[in-house]
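Take a look at the structure below.
The values are calculated or read from the model by the stated rules, or taken from the named source; none is laboratory data. Just so we're clear, the structure is a prediction, and the values are computed from it rather than from any experiment. When we count neighbours, we look across all protein chains shown, and the Cβ atoms used for this are built from the backbone with ideal geometry, even at glycine.
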Amino acid sequence: MANAYDVIIIGSGPGGYIAAIRAAQLGLKTAIVEREHLAGICSNWGCIPTKALLRSAEILHFAEHAKNYGLTLEGTVKPDLKAVVGRSRGIAERMNGGVGFLMKKNKVDIIWGEAKLTKANEIVVTKTTKPPMQPQAPLPKNALGEGTYTAKHIVIATGARPRALPGIEPDGKLIWTYFEALVPQEMPKSLLVMGSGAIGIEFASFYRTMGVDVTVVEVLPQVMPVEDAEISAFAKKQFDKQGMKILLEAKVTKVEKAANSITAHVQTKDGKMQTITADRMISAVGVQGNIENIGLEALGIKTERGCIVIDGYGKTNVPGVYAIGDVAGPPMLAHKAEHEAVICIEKIAGLPNVHAMDKLKIPGCTYCNPQVASVGLTEAKAKEAGFEVRVGRFPFVANGKAIALGEDQGMVKTVFDKKTGQLLGAHMVGAEVTELIQGFVVAMNLETTEEELMHTIFPHPTLSEMMKESVLDAYGRALNA
Ligand SMILES: Cc1cc2nc3c(=O)[nH]c(=O)nc-3n(C[C@H](O)[C@H](O)[C@H](O)COP(=O)(O)OP(=O)(O)OC[C@H]3O[C@@H](n4cnc5c(N)ncnc54)[C@H](O)[C@@H]3O)c2cc1C
C-alpha cells in the first residue's frame, strides 16, 4: 500500500529528522510529517538563529574592544538591526532547506500537514492550521499531503512551545516569547527578561551587548538555576560588570501594559514590592510539550507534567507508539532529542546492544557572554547523592591562551568521587567552554578516573589545558596556579 510505512515520525525537529534518517539507514520505509517548518524549533526558532544573533553581538563586542588588541577602527561600529535579524533568518532558511535535502537523499517521504494518531498504527493528516514559517525553503516537489497513513511504528516528535504564566501571557507586542525576541522590528531601549534559564539569559546577553538596558528577574536564588552554584555566581558577576541588572529570588506578580511599554510588579527577596518599567518584556519561564490534539487521550497514551511518559528507549505505554525529544520531557535540548531518536529507532529495528538514555551524561550549554557549559552532577547534587567529593578548580586568568585571547575571565571546575576517583561532573564558565565540554562528556561516557585524565596530554597553548589543570587541582597537583 502506498500509504503504509514501517515508521512514521510526527515532527521534523532534531528528534524527528534524525529518527527518519536513522530509520532509512536501517532499511525501514519511512515518512515524516511536518506542519510548519522542516527542521523544527531548533533550526528555525531555537538553537541556530539565537547563535546567529549572539555571533553578531560577539563581533560587535570585539569591535568595541578593538583597542585592547592594538587595532584602531575608523568611525563607530553600530548594529544594523534589520541586517542582524536578516542574517539570522537567512541561516534558519538554510537549515530547513538542509533538512529537506537530507530527507530526499535518504528517501524519506515528507508529508506536509497536521498529524493526529487515530489508532496505534494509523495517523490522519489534515491541512495545517499553522501558516508556514517565513522564510521556508521550497518543499520537495514530491511532498505528500492530507490523508490517512499507516505504520508499524509511530514516533511522536512534536516538540514544545513557550510556557506562559497565568495573567502574564505573552501578547507578541509588548510581552514577547522567543519567537518575537528573535525578530525584533526595532531595538527596545529597555527590556525585562522573566526567567534566567538558558533561553532567558541568552536573550539577556544578546540585547545587553546590543546596548539595551536589561533587567533579569529570576525566582530562584541563582541565574541559570540548573548550573553549579559557583559557576552561576561567577557568570552573574560578569553580567553585573556588563551592566545587566539581575534580581534573584524575585517574582513578577503582575504586568501592566501601556501603549509602548510594560510595568512589572516584582516581589523582591525581602518580600517588598517594586515596579520595573521597560519597553518590552521577554517571558522565558520554560517550555511545555506539544501533547494536545494529537490523539493521545483516545489511545490512552500516558502523559505527566505536560510530556509523554517513555522508557529509556522512547517507548510509550501503548505498543507501537514512541515519543522522543522535547515532547518526551526534560532536558529539552536538541542533542538529547537526537540521541533519543537514534536509540528509539535502533530499538525498533531490533539492533543488539542499544543503550538506554542516561540523562546524567547529557551536556548543557548556554551561549551567553561568558559561556557556560556542564555535564554530570553539580557539587551540591553530588553531595546530596551521598558522594564524598574532591573538587578541582582552575581559573582562566592562569591560562596563557586565555590571556592571549583577551578572555581571562572564567573557571573550570571538576567534581570527583573521593573513593573511586570517578569523574562525577564538570562545570565551566568562560570563552569557548561550549566547545570544550565535550572532552569531559567523552571522559564521563568512558567512566574515566582522575588518573587517566592526568595521564592525558593536552595541547599547548589551548583553553583545554585548564581541563587537565582542574583535575590536577582536585588532587592538589595544579601546575600553573
Ligand atoms: C530560543 C531557543 C534556543 C534554544 N537553544 C538551544 C541550544 O542552544 N541547544 C540545544 O540543545 N537546544 C536549544 N533549544 C532547545 C531545542 O530547540 C529543542 O530541544 C529541540 O528543538 C527539540 O527538538 P524536537 O525534535 O523534540 O522538537 P522541535 O524542534 O520542537 O520540532 C517539533 C516539530 O514538530 C512539528 N509538529 C508539532 N505538532 C505537529 C503535528 N501535529 N503534525 C505535524 N507536525 C507537528 C512542529 O511544527 C515542529 O517542527 C533552544 C530552544 C529555544 C526556544
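Here are some notes:
- Test: residue in the stretch 331-349 that is away from the ligand (no atom under 16 Å from the Cβ), surrounded by fewer than 19 Cβ atoms within 10 Å (Cβ to Cβ) and assigned to a loop (DSSP other than H, G, I, E, B): yes
- Cβ-Cβ distances below 7 Å connect the following pairs, each with a first residue in the stretch 391-418 that is within 21 Å of residue 67 (Cα to Cα), a second residue that is in a loop (DSSP other than H, G, I, E, B) and charged (D, E, K, R), and a separation of six or more residues or different chains: 397/408; 402/408.
- Any hit, the stretch 57-77, residues being away from the ligand (no atom under 13 Å from the Cβ), surrounded by 18 or more Cβ atoms within 10 Å (Cβ to Cβ) and assigned to a loop (DSSP other than H, G, I, E, B): no
- Of all residues in the stretch 316-343 being more than 21 Å from the chain's Cα centre (by Cα) and not aromatic (Phe, Trp, Tyr), the one that is nearest to residue 294 (Cα to Cα): 321
- Residues of the stretch 10-46 that turn out to be assigned to a helix (DSSP H, G or I), near the ligand (Cβ under 8 Å from one of its atoms) and in contact with a strand residue (DSSP E or B) (Cβ under 9 Å, 6 or more places away or on another chain), as a count: 5
- Some residue of the stretch 395-412 being away from the ligand (no atom under 13 Å from the Cβ), of a type in the set (D, E, K, R) and over 27 Å from residue 46 (Cβ atoms): yes
- Pairs with Cβ under 6 Å, 6+ apart, first in the stretch 281-293 and under 17 Å from residue 169 (Cα atoms) and assigned to a loop (DSSP other than H, G, I, E, B), second near the ligand (Cβ under 9 Å from one of its atoms) and at pLDDT 95 or above: 284/199
- Residue 233 being at pLDDT 95 or above, assigned to a helix (DSSP H, G or I), of a type in the set (A, V, I, L, M, F, W, C) and surrounded by fewer than 23 Cβ atoms within 10 Å (Cβ to Cβ): yes
- Hey, residue 441 closer than 19 Å to residue 369 by Cα, surrounded by 13 or more Cβ atoms within 10 Å (Cβ to Cβ), at pLDDT 95 or above and not small (Gly, Ala, Ser) or not: no
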